[in-house]
Amino acid sequence: FTVKTQSPSAAMSSIAAVGESYQKFNPRAYLQNNYMPPRADFSSEDCVVPWKLRCLAEAFATGDIHGRTLIDIGSGPTIYQLLSACDHFEEIIATDYLEVNREVLRQWVRGEPDSFDWSPYIKHVCRIEGKGEQWKEKEQKLRGKLRQILPIDVHQPEPLGSQLCQPADALVSTFCLEAVSPDRLSFERALRNVTTLLQPRGHFLLIGALEESFYLAGEAKLSVVPVSEADVKEALSKNGYHIHDFRSYLMPPSLKIGVDDVSGVFFVHAQKQPVA
Ligand SMILES: C[S@@+](CC[C@H](N)C(=O)[O-])C[C@H]1O[C@@H](n2cnc3c(N)ncnc32)[C@H](O)[C@@H]1O
Ligand SMILES: O=[N+]([O-])c1ccc2c(c1)CN[C@@H](CO)C2
């Protein structure tokens, strides 16, 4: 048999192709496809968005995940993934590859009138956290903690360049690594690269697409490396993580609306093991 190895230059060109494809990424279309009805349905805990928010809320409710800084890898134009984090960190750093996405986040932080309405998400998280927090309070709290919105490239050995002063106490990343990696090898390398941003014993909350090969964002049709539960677990173990919790959500036919071919969603709570 022949082992299919990719030459560095071939790997470079396919990563460059990914970067090229993201130039057409339309944040508004992406938000429309994934964060508005029918996918943004809060009426039942069995819907995908409540499932994602509950996974994150329960992980933070353990009280095990806290510290000074949390970095969100590949934030895109969304902030839902940070709602349960903001009570446990002094500073939250959002990151994305595209300036258009970083600008959408800055607009939300500034409370600009035509920015995306995350209030249904904030209200839902306040409800399931059960602390009696008012949603406007949580919104302001998150805005206050989101003090840095930085450029990132997970394919670089130093994804934040030399900007990062010290490793973060925790990482969050949702639908990024598999959506920017042309193949499994670069998926594992990207995970290795972002792991350098995390303190030893730091926690990593990862959400992603299972067995997806593409998704749409306006004019852009983005390629995704299809990963299985086993692939994700293997990549984390290879990169020195202990997996505390792994959950999968099966996308119901009603939510297969043509914007991608995703089969399901995974959630992982992993912890970086200290080097012996
Ligand atoms: C599917 S979106 C995920 C957005 C958001 N985290 C969410 O949960 O919906 C993937 C994001 O990865 C970003 N991205 C593309 N190439 C990247 C790279 N090389 N490094 C880091 N992020 C990248 C894109 O700009 C996009 O915002
Ligand atoms: O069901 N969802 O809540 C949901 C949210 C975001 C995304 C997906 C599904 C599937 N595609 C990814 C990009 O690879 C983005």
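The values are calculated or read from the model by the stated rules, or taken from the named source; none is laboratory data. Everything numeric in this text was worked out from a predicted model, so none of it was measured. We place every Cβ from the backbone using ideal geometry, glycine too, and count neighbours over all the protein chains shown. The area values use the complete protein model at the heavy-atom level, side chains included, leaving out ligands, DNA and RNA. Shrake-Rupley method; radii C 1.70, N 1.55, O 1.52, S 1.80 Å.
Overview of values
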{"read-out": "Residue identified as in contact (Cβ under 8 Å) with a residue 24 or more places away in the chain and open to solvent by 50 Å² or more (accessible area, probe 1.4 Å) among 102, 39, 68, 110", "value": "68"}
{"read-out": "Filter result for residue 93 (within 19 Å of residue 173 (Cβ to Cβ) and either touching a Lys or Arg at 6+ places or on another chain (Cβ under 8 Å) or modelled with pLDDT of 95 or more (or both))", "value": "yes"}
{"read-out": "Residues of the stretch 96-124 classified as in a loop (DSSP other than H, G, I, E, B) and at pLDDT 95 or above, total", "value": "9"}
{"read-out": "Tabulated pairs, the stretch 220-235, first within 20 Å of residue 271 (Cα to Cα), second part of a helix (DSSP H, G or I), C-beta under 6 angstrom, 6+ apart or interchain", "value": "235/188; 235/191"}
{"read-out": "Pair list, Cβ < 6 Å and 6+ apart or interchain, from the stretch 144-171 residues that are more than 19 Å from residue 101 (Cα to Cα) to residues that are part of a loop (DSSP other than H, G, I, E, B) and modelled with pLDDT of 95 or more", "value": "167/197; 168/197; 170/65"}
{"read-out": "Criterion: open to solvent by 10 Å² or more (accessible area, probe 1.4 Å) and either closer than 26 Å to residue 193 by Cβ or away from ligand 2 (no atom under 12 Å from the Cβ) (or both) - qualifying residue of 60, 25, 89", "value": "25"}
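Listed here are the residues, each with its yes/no results for (1) out of contact with any Cys (no Cβ under 9 Å at 6 or more places or on another chain); (2) in a loop (DSSP other than H, G, I, E, B); (3) not acidic (Asp, Glu).
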site	(1), (2), (3)
40	no, yes, yes
52	yes, no, yes
57	yes, no, yes
63	yes, yes, yes
78	yes, yes, yes
87	yes, yes, no
92	no, no, yes
